[in-house]
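Values quoted throughout were computed directly from the atomic coordinates according to the rules given, and no laboratory measurement underlies them. Just so we're clear, the structure is a prediction, and the values are computed from it rather than from any experiment. Here the Cβ is made from the backbone with ideal geometry for all residues, glycine too, and neighbour counts use every protein chain on show.
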Amino acid sequence: MPYDSWSEAVIATFEPSVIDMAALVEIHLRTHASTSAHKMRGKYRSAVYTFDEDQCAAISAMLDVLGREFPAPLVTRVLPFRGFRASDVRFRDYYRTDPGRPFCRTYIDPKLVMLRETFSERLGDQVPQKV
């Protein structure tokens, strides 16, 4: 897949004194198929986009360390941020607008449970509670 093609992503802004970048990268890796080259990988790549060389180096090092904790090699790439366009309005705030959707119950709810159980000390009340 070309690195300059579009992919689904979010731009995360955060306060390092509240949660550091390493925790965010780990959460990203643990909340999607970061070790799988599954059939949809051609459409949905696993990546962390960076804004400069220092961030690229830091995240690459984090992936090297965190990758040792996974049962298979990470497929997550570190790629340069080249642009961003907002998703279609019908997909924005997808979980917040209707957490009862089958996709939300099947895929998002279990990830939120895992986040609360695994990262509660770091996240506090930042993980949405089931509505």
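Order these peptides, 17-26, 89-98, by their mean beta-carbon neighbour count within 10 angstrom, highest first.
17-26, 89-98
Could you tell me which of rounded, prolate or oblate describes the stretch 20-88, using a ≥ b ≥ c as the square roots of the eigenvalues of the alpha-carbon gyration tensor, with rounded for a/c under 1.5 and, failing that, prolate when a/b is larger than b/c and oblate otherwise?
Cα axes put the stretch 20-88 in the oblate bin.
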